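Notes follow once the structure below has been shown.
The values are calculated or read from the model by the stated rules, or taken from the named source; none is laboratory data. Small disclaimer: the values here were computed from a predicted structure and weren't measured. FYI the Cβ positions are ideal-geometry reconstructions off the backbone, even for glycines, and counts take in every protein chain you see.
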Amino acid sequence: MNEVATATPETTPQADSTAKPAKATVCVMGLGYIGLPTASILATRGFDVTGVDVRPDVVDTINQGRIHIEEPDLDILVRSAVGSGQLKAAHEPVAADIFIICVPTPITEDHRPDLSYVEQASKTIKPLVRAGNLIVLESTSPPQTTQNVVVPLAVPDDLTVGEDVFVAHCPERVLPGRILLEAVQNDRVIGGMTPACAERARAFYEEFVAGEIFTTSATAAEVTKLVENSYRDVNIGFANELSMLADRLDVDPLEIIQLANRHPRVNILTPGPGVGGHCISVDPWFLVHAAPDLTPLIRMAREVNDRKPHFLVEHIKKLASQFNSPVIGCLGLAYKADVDDLRESPSLEITRDLIAAGHRVMACDPYVPAERFNEFPLHRLEEVVAQSQILVLLTDHRQFKNVPRRVLEEKVVVDTRGIWRR
Ligand code: SAJ
């Protein structure tokens, strides 16, 4: 069993073992929701940063000081980082003191980890890796990815890990919508391939992380991150199962949860349309894949959360059958409030399924620009509210909170998030 060592002033490494140039160069592989904020934060802290992305449009947009994703204050940070010359985007990596891998780690249709992006990024940096470099995998990854994928593919054969080159896993933990804040303030777990690797990575992260830093092995850091998201998935799964049970028993799930949460040791989360995003709906499968026979609870929570959108679609269809071809207004496509992220979104899945079933659907998401979304037409909130007989609240964006009660009272309402409760 690996012990997680707490960072204390006494354990802070000596300056000579962590020495790095006054202004280190950093190459960030992947400029998505984690890579771009990380690259920008580092650039504004004086690091000389090259951000690498395979998408030419992303590289061009960033080099113009603009952003391709929605995240509070990121536009200001990127404009400043690019304007100062500290952040450049590129198609290919460059030689650097530190390489940070922030690429996607998706799952396949049958829930197996797809490590092709980590493999590709590792292979691409290998010719550039030199003695003294630090390589950090930030992407949430299945157990032993750092050891079995990054080390063999990224470290040149003539360099020894822990002596010449340092390899660590430092999983990102930021919450979309609060990324810039949490990237700096959250505590971090750093898993080194060796203790020297962990200390080298700690010295780097201490330069921009205000939270506490804990070091452990690379595999323990990988498992810790997966456990965090699986814990949340299991708890949301409990709330979602409860909401379906409450429907059958004809009681209000939110009232039950509110009352149960008055118990000093009960804290049930909020049911919703399902679990989306690229983290919680994906990461638990990495643990299930690692030990299928030992993870029935984690698997079951995934299945419960994946079932919830279908449960709601059937419920909405039943309501629609009471009308003659009603307009169903779907409010929100993003996977959660006040973000533009559509990845694995149950809100999008429900809207799609209703359209596929032949219903007249009017959809609205103030965070998804119509020019970036061409699957079906998007409408303004006022239009959707005015024209629909059935109003389905799917994502709790703040713009939806103020739909007047008298308007709601004229509609059949399905509030999957409970934001319109009296
Ligand atoms: N949700 C509910 N009910 C709740 C809470 C969430 O239905 O009570 C739903 C959301 O609507 C959303 C999904 O769950 O569809 C996940 O949302 P989230 O806000 O719980 O988490 P993410 O996926 O945005 O970010 C998570 C965070 N992990 C944890 O909170 C343990 C974040 O800290 C991680 O950095 C991130 O995953 C990641 O990148 O792994």
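Quick look at the values:
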item: Residue match in region 187-202 (condition: at pLDDT 95 or above, within 12 Å of the ligand (Cβ to nearest atom) and surrounded by fewer than 19 Cβ atoms within 10 Å (Cβ to Cβ)); result: yes
item: Among (1) within 21 Å of the chain's Cα centre (by Cα); (2) surrounded by fewer than 18 Cβ atoms within 10 Å (Cβ to Cβ) - the single one residue 24 does not satisfy; result: (1)
item: Check on residue 126, among the basic types (Lys, Arg), at pLDDT 95 or above and under 12 Å from residue 154 (Cβ atoms); result: yes
item: Options 159, 175, 153, 137: the member that is under 29 Å from residue 77 (Cα atoms), surrounded by fewer than 20 Cβ atoms within 10 Å (Cβ to Cβ) and assigned by TED's automatic domain parsing to the domain that holds residue 38; result: 175
item: Flag if residue 280 is surrounded by 15 or more Cβ atoms within 10 Å (Cβ to Cβ), within 13 Å of the ligand (Cβ to nearest atom) and in contact (Cβ under 8 Å) with a residue 12 or more places away in the chain; result: yes
item: Residue ID - surrounded by the fewest Cβ atoms within 10 Å (Cβ to Cβ), chosen from residues in region 332-370 that are within 14 Å of the ligand (Cβ to nearest atom) and among the aliphatic types (A, V, I, L, M); result: 337
item: Segments classed as helices (runs of 4 or more DSSP H), wholly inside region 318-422, with at least 2 members that are closer than 23 Å to residue 271 by Cα; result: 346-356, 405-409
item: Pair list, Cβ < 9 Å and 6+ apart or interchain, from region 173-187 residues that are β-branched (Val, Ile, Thr) to residues that are within 9 Å of the ligand (Cβ to nearest atom); result: 174/33; 174/34; 174/182; 174/186; 179/33; 179/34; 179/172
item: Residue that is surrounded by the most Cβ atoms within 10 Å (Cβ to Cβ), among those in region 207-226 that are farther than 17 Å from residue 174 by Cβ and aliphatic (A, V, I, L, M); result: 218
item: Pair list, Cβ < 6 Å and 6+ apart or interchain, from region 252-274 residues that are within 9 Å of the ligand (Cβ to nearest atom) to residues that are of a type in the set (D, E, K, R); result: 272/417; 274/308
item: Among (1) in the same structural domain as residue 168 (by TED's automatic domain parsing); (2) near the ligand (Cβ under 9 Å from one of its atoms), the one test that residue 222 misses; result: (2)
item: Check on residue 234, touching a residue at least 60 places away in the same chain (Cβ under 8 Å) and either more than 26 Å from the chain's Cα centre (by Cα) or assigned to a helix (DSSP H, G or I) (or both); result: yes
item: Any hit, region 228-247, residues being within 20 Å of residue 140 (Cα to Cα) and either basic (Lys, Arg) or away from the ligand (no atom under 16 Å from the Cβ) (or both); result: yes
item: Where a residue in region 300-327 is at negative phi and its partner, wherever it lies, is among the small types (Gly, Ala, Ser) and in a helix (DSSP H, G or I), with Cβ under 7 Å and at least six apart; result: 301/237; 304/237; 305/237; 326/320
item: Some residue of region 288-299 being within 12 Å of the ligand (Cβ to nearest atom) and on the phi < 0 side of the Ramachandran plot; result: no
item: Qualifying residue in region 207-217 (condition: away from the ligand (no atom under 12 Å from the Cβ), within 26 Å of residue 41 (Cβ to Cβ), among the aromatic types (Phe, Trp, Tyr) and in contact (Cβ under 8 Å) with a residue 40 or more places away in the chain); result: yes
item: Residues satisfying the stated conditions in region 132-180, i.e. within 16 Å of the ligand (Cβ to nearest atom), assigned to a loop (DSSP other than H, G, I, E, B) and of a type in the set (Ser, Thr, Tyr); result: 139, 140, 141
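Every residue, every condition in (1) in a helix (DSSP H, G or I); (2) closer than 25 Å to residue 223 by Cβ; (3) of a type outside the set (Phe, Trp, Tyr), yes or no:
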| position | (1), (2), (3) |
| --- | --- |
| 275 | no, yes, yes |
| 278 | no, yes, yes |
| 281 | no, yes, yes |
| 284 | yes, yes, yes |
| 289 | yes, yes, yes |
| 298 | yes, yes, yes |
| 302 | yes, yes, yes |
| 309 | yes, no, yes |
| 312 | yes, no, yes |
